[in-house]
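Contents: one structure, followed by commentary.
The values are calculated or read from the model by the stated rules, or taken from the named source; none is laboratory data. Since the model is a prediction, treat every value here as computed from it, not as a measurement. All Cβ positions, glycine included, derive from the backbone under ideal geometry; neighbour counts span all protein chains shown. These accessible areas exclude ligands, DNA and RNA; they are computed on the full protein's heavy atoms, side chains included. Shrake-Rupley method; radii C 1.70, N 1.55, O 1.52, S 1.80 Å.
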Amino acid sequence: KVSIIIPNRDHSDTLKTCIDSILNKTTYKNIEIIIAENNSVENKTFDYYNNLKKIKSIKIINCDRKEFNYAYVNNYAAKRAGGSVFIFLNNDIELITPQWIERMLEHVQFKNIGAVGAKLYYPDESVQHAGVIVGVAGGAGHSHKYFSRTATGYFMRLKIIQNFSAVTGAC
């Protein structure tokens with residue numbers, strides 16, 4: 001079972017896009033979706049949650065921490081998850097590849113792999129994330145950021161599976 005953990009606070013429109021894309025496009029079926037609710041106040045958000053509660057594979061848990069802490073919220077949800085693999089997903093992600101979970105699972109099973117990430121695009125179809133390189137400008141930076149979705153990248157790096165120092169927390 002794969003547990004998809006999505007932190008949320010009053011972003012029901014983007015969360016709906018995310019959840020709809022998971023439910024309508026994902027081919028891997030042994031999943032649970034855990035929405036880690038973090039101090040929402042809008043009625044619209046709770047109305048949406050009430051609709052989601054009708055879906056068996058979705059759990060909404062309350063993470064009552066005053067200030068937002070991404071790691072804390074994800075760890076809180078992970079402790080309540082039933083899967084053996086966790087996908088940490090931002091609420092503004094819209095899936096475009098039906099086999100996204102299978103493709104990530106192919107790699108996460110290897111003992112020398114600590115985390116698996118995905119290539120992410122901005123709405124204009126430029127690259128947002130294609131791996132993180134540690135040491136860029138004294139910190140870390142995203143490989144090939146803002147390249148066109150159709151670009152091949154440096155030595156075809158945007159078209160191959162490869163190892164990086166880190167991946168983004170968005171997926």
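Amide H contacts for residue 32 (H built 1.01 Å from N in the peptide plane; partners 5 or more residues away or on another chain; cut-off under 5 Å): 2, 3, 4. Shown here are the Rg and Dmax of the Cα trace of the range 1-85, at 12.4, 37 Å.
How big is Rg to Rh over the range 72-141, alpha-carbon atoms, Rh as the Kirkwood inverse-mean-distance radius? Can you show the working numbers first?
Numbers: Rg = 14.2 Å, Rh = 14.5 Å.
Looking at the range 72-141, the ratio lands at 0.98.
Coupling constants for the range 118-125 follow from the phi torsions by the Karplus curve (6.51 cos²θ - 1.76 cosθ + 1.60, θ = phi - 60°), and in residue order they are 10, 6, 10, 10, 6, x, 7, 6 Hz; glycine and proline get x.
Note on the range 85-171: with neighbouring protein chains present and a 1.4 Å probe, carbon and sulfur make up 55 percent of its accessible heavy-atom surface. Estimated from helices alone, the mean residue ellipticity of the chain at 222 nm is -7500 deg cm²/dmol (sum of -39500 (n - 2.57) over DSSP H runs with n ≥ 4, per residue). Pick from 112, 30, 69: which residue has the top mean-square fluctuation in a GNM of the chain where Cα pairs under 10 Å get a spring? Most flexible of the set in this elastic network: 112. Computed 3J(HN,Hα) for the range 11-26, one whole-Hz value per residue from the Karplus formula 6.51 cos²θ - 1.76 cosθ + 1.60 where θ = phi - 60°, is 10, 5, 5, 5, 4, 4, 4, 4, 4, 4, 5, 5, 5, 8, 10, 5, glycine and proline marked x. Rolling a 1.4 Å probe across the protein heavy atoms gives the range 2-53 an accessible surface of 44 Å² per residue.
Give a quick list of chymotrypsin sites (Phe, Trp or Tyr not before Pro) in the range 93-129 that DSSP marks as loop, anything other than H, G, I, E or B, with at most 14 other Cβ atoms within 10 Å. Counting only loop positions with at most 14 other Cβ atoms within 10 Å, the chymotrypsin sites (Phe, Trp or Tyr not before Pro) in the range 93-129 are 110. Build a GNM of the chain with springs between Cα atoms under 10 Å apart, and of 15, 89, 23 the one that fluctuates most is 23. For the range 73-126, GluC sites (Glu not before Pro) meeting the loop criterion (DSSP other than H, G, I, E, B) and having at most 11 other Cβ atoms within 10 Å: 125. Short-range pairs are left out: with C-alpha atoms under 8 Å and at least six residues apart, the relative contact order of the chain is 23 percent. Near residue 41, once Lys and Arg are set to +1 and Asp and Glu to -1 for all other residues with Cβ below 14 Å from its Cβ, the sum equals -2. For the options 53, 119, 145, a Gaussian network treatment of the chain with springs between C-alpha atoms closer than 10 Å singles out 53 as fluctuating the most.
Computed in the context of the full set of protein chains, the accessible area of the range 1-67 at 1.4 Å probe radius has 47% of its extent on carbon or sulfur. An ellipsoid equivalent to the range 104-171, defined through the eigenvalues of its Cα gyration tensor, has semi-axes of 19, 15, 12 Å when rounded to whole angstrom and sorted largest first. Among the listed values (i) 49, 32, 30; (ii) 48, 38, 29; (iii) 53, 39, 29, the one matching Cα extents along the principal axes in Å as calculated from this structure is (i).
Both numbers refer to the Cα atoms of the range 52-104; Rg and Dmax are 13.0, 37 Å. Taking 25 °C and 0.890 mPa s as conditions, the range 33-121 diffuses translationally at an estimated 163 µm²/s according to Stokes-Einstein applied to its Kirkwood radius (Cα pairs). Using C-alpha pairs below 8 Å separated by at least 6 residues, the relative contact order for the range 25-102 is 45 percent. Using 0.36 nm per residue and subtracting the Cα-Cα separation, the extra length available between residue 122 and residue 84 on full extension is 10.7 nm.
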